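For reference, the structure discussed in these notes is given below.
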Amino acid sequence: MKKLLYFFLVFSFIFECVYAQKKRPSLEKRIDSILELRPTTYKEINDIVRPFRKDTTQLRYIIKRFDEANYLDGKTYALNILGTSYRNFSEFQKAIKIHKEALKAAEEAESIEFRVFSLNMLGVDYRKVDANRTALDYNQEALALAETVENPGLGLRRSIAVSHNSMGNIYLLLKQYDLAIQQFLQSQAIERSINNRLGLAINNQNIGYAKEQHGLLDEALIHYQSSQVINNAINNRIGQVICNGSMARVLIKQGKPREAIKMLKENLPKAIDLNNKDYLSTQYIYLGWAHSKINRFAEAEKNLLKGLKIAQDYGISPAISEGYTYLSELSVKTKDFEKGLMYYKLAEEFDEKISDERTTQHVNDLIIKYDSEKKNNQIEVLAKQNEIANLRLRKNTNIWLISLIALSLLGAVLYFLYRQRLLKNEKRLLSLEQDMLRVQMNPHFIFNALNSIKLYIINNEQKNAVHYLNKFSKLIRKILDASSVKETSLAEELETVDLYMSIENIRFSNEIKHEINVDPSIKLDTIKIPPLVLQPFLENAVWHGLSSKKGEKKVQISVKQYNKEFIEISIEDNGIGRKESAKIKAKKVINRKSVGIELTRERLANFVKNFQNTFSLSYKDLVDGSNNALGTKLTLQLPLY
């Protein structure tokens, strides 16, 4: 028996050597041919080298020969194909390294087509390891570079389609399914125009997934089936495995686990043959999930653990999360609640790991969106200022006209009309100044608040980030709501004040203690005041009174009934006092004129003009027995009727 085995091994070795000798001349001949022609496009090179692109050993030999001959276009092509091979085997870090080498070679060759191709491949690599921000940057750079070419050739058009498809896949990961479908449709249109059936199959698969996530299972199945028809026609084995897995997943969701099991069992040998660990792990996980649906618990656990092991060995986080999730459901079904809880916690941990980069990206996008809105607001402010200037010019013109017409017998009537128009213009001016104030309201405060929340996320303080992000969104919503009304209830105003102080306090490491004390006899909902009228006074207290103070910092807001006709609101801080604040301000090189308090006075005056009484606003410097500053107290008395 041993002699027979030895003979078989020797025979196999001799056969391999003979086969290699026969195969090598074919490769050498093609390399010599391509080095003589030195083509510069993907298609021309691929037509010659295509038979050897699945063998990583031969690819490395091709790269070596092209490098020795300084044939950069060919080297870039071969490096990209080699990197893609490693990615298909779930060797993502190797793929990234090789695709970066390809990008460097493409830059040396000054080939736009291969630069775009390499950038797209890096985008796919980083998407596979869930570095979505980096992936999107590479794909957008590829698309921007490709679009600089006025009449792109076939290779560039294909790369543009790949860029759109890759960005669509990133939107899928970010759960922006409508945006993803838009990208896939753009990619599909280009693939159809160049008759690339593989691209059409891939985009149909992706659109099906987006539809599935929307809960449109029947539509998703139609797209998966369309993709599979093309995959079968072109014998795309990877596409066949992916499509069968997707259709099986939909069948499970539709309550047809037995049909899914049949499909997955037929699919599994193909996935094993491909040796792509990503696809293989999900096949086992879906098979286990389907078995659990028909209460075949032993087979379910066996397949789930098998798929989970592959995903863990190759660091495939989404598959690990899915494996733990379905194992948790299985444990609950088998009444093993302790194990179910353990798997649930592990699934949550991996979901959190996957979502970290996406959450950071979301906040970055929010900041970018805020910057854009800030620019739009500045344009709006300039427009309003221009309108104010026009009104003032019109006002001066009217004065001259009235002065001339006043000499006539109709002077009194015209003067009356002038007064009416003057009042109307003044009211319009005041309204525009208030609008301008709302548009400009503390852009530094909003930007700094977002940066503080972003810092919580970077420091992995997710509870604080979510807590303050919720408060921030409520505050912004209240500011937007307030901009469209002339008055609000005192209850709403105090709630807005509380949100403002909570967000502002992040900048001071939560050192400021603020209290709101309200007389129980006061019905806050029945008392009306101008919206956002207290915020400028609080901002004064924080930045002029407390920002330079050492030690304990406090702000106390009190509301009480002054008498039957007035309500009294006081804001008291234990800051450095107005005198010391004025000294600090005088030392500053650049003094910015604060208009917030003066505009607030004008708003209050406009608000109470139809009341029986007017408002009063006073400041009191708080001192101790030695005349040392203890803070400042602002008192605002507003009429009720």
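A few notes on this one:
- When region 179-205 is filtered for residues that are buried (at least 18 other Cβ atoms within 10 Å of the Cβ) and either basic (Lys, Arg) or within 19 Å of Ile252 (Cα to Cα) (or both), only Gln205 remains.
- Taking region 268-300 as the range and being out of contact with any Leu (no Cβ under 9 Å at 6 or more places or on another chain) and not in a loop (DSSP other than H, G, I, E, B) as the test, the residues that pass are Pro269, Lys270, Asp273, Lys277, Asp278, Tyr279, Thr282, Lys293, Ala298.
- Any hit, region 510-530, residues being modelled with pLDDT of 80 or more, farther than 30 Å from Phe611 by Cβ and of a type in the set (A, V, I, L, M, F, W, C): yes
- Matching entry among Lys375, Lys384 (being surrounded by 13 or more Cβ atoms within 10 Å (Cβ to Cβ), assigned to a helix (DSSP H, G or I) and at pLDDT below 70): Lys384
- Near pairs, Cβ below 6 angstrom, 6+ apart or cross-chain, from region 488-502 (touching a residue at least 12 places away in the same chain (Cβ under 8 Å)) to any residue that is crowded, with 20+ Cβ neighbours inside 10 Å and of a type in the set (S, T, N, Q): Tyr500/Gln535
- Residue in region 547-564 that is on the phi > 0 side of the Ramachandran plot and either in the same structural domain as Lys486 (by TED's automatic domain parsing) or assigned to a strand (DSSP E or B) (or both) present: yes
- Unmet requirement for Gln205, which otherwise passes all of (1) in a helix (DSSP H, G or I); (2) over 20 Å from Lys128 (Cα atoms); (3) not basic (Lys, Arg): (2)
- Those residues of region 188-204 which are out of contact with any His (no Cβ under 7 Å at 6 or more places or on another chain) and within 12 Å of Cys243 (Cβ to Cβ), in sequence order: Ala201, Ile202
- Residue match in region 576-594 (condition: at pLDDT 80 or above and under 18 Å from His514 (Cα atoms)): yes
- Test: residue in region 112-119 that is closer than 17 Å to Tyr86 by Cβ, without any contact (Cβ under 8 Å) to a residue 60 or more places away in the chain and surrounded by 18 or more Cβ atoms within 10 Å (Cβ to Cβ): yes
- Of the residues in region 149-158, not one is in a helix (DSSP H, G or I) and without any contact (Cβ under 8 Å) to a residue 12 or more places away in the chain.
- Residue within region 90-111 that is of a type in the set (A, V, I, L, M, F, W, C) and under 25 Å from the mean Cα position of the chain (by Cα) present: yes
- Top-ranked residue in region 123-173 [being crowded, with 20+ Cβ neighbours inside 10 Å and β-branched (Val, Ile, Thr); ranked as modelled with the lowest pLDDT]: Ile170
- Just one of the listed residues (Leu179, Leu198, Leu185) is without any contact (Cβ under 8 Å) to a residue 12 or more places away in the chain, farther than 21 Å from Glu322 by Cα and part of a helix (DSSP H, G or I), namely Leu179.
- Complete set of residues in region 456-507 that are outside any helix (DSSP H, G or I) and β-branched (Val, Ile, Thr): Val485, Thr488
- Residue that is farthest from Asn606 (Cα to Cα) [pool: residues in region 388-416 that are surrounded by 13 or more Cβ atoms within 10 Å (Cβ to Cβ) and modelled with pLDDT of 75 or more]: Ile405
The values are calculated or read from the model by the stated rules, or taken from the named source; none is laboratory data. This one's a predicted model, so the numbers in the text were calculated from it and none came from an experiment. Cβ coordinates were reconstructed from backbone atoms using ideal geometry, including for glycine residues, and neighbour counts include every protein chain displayed.
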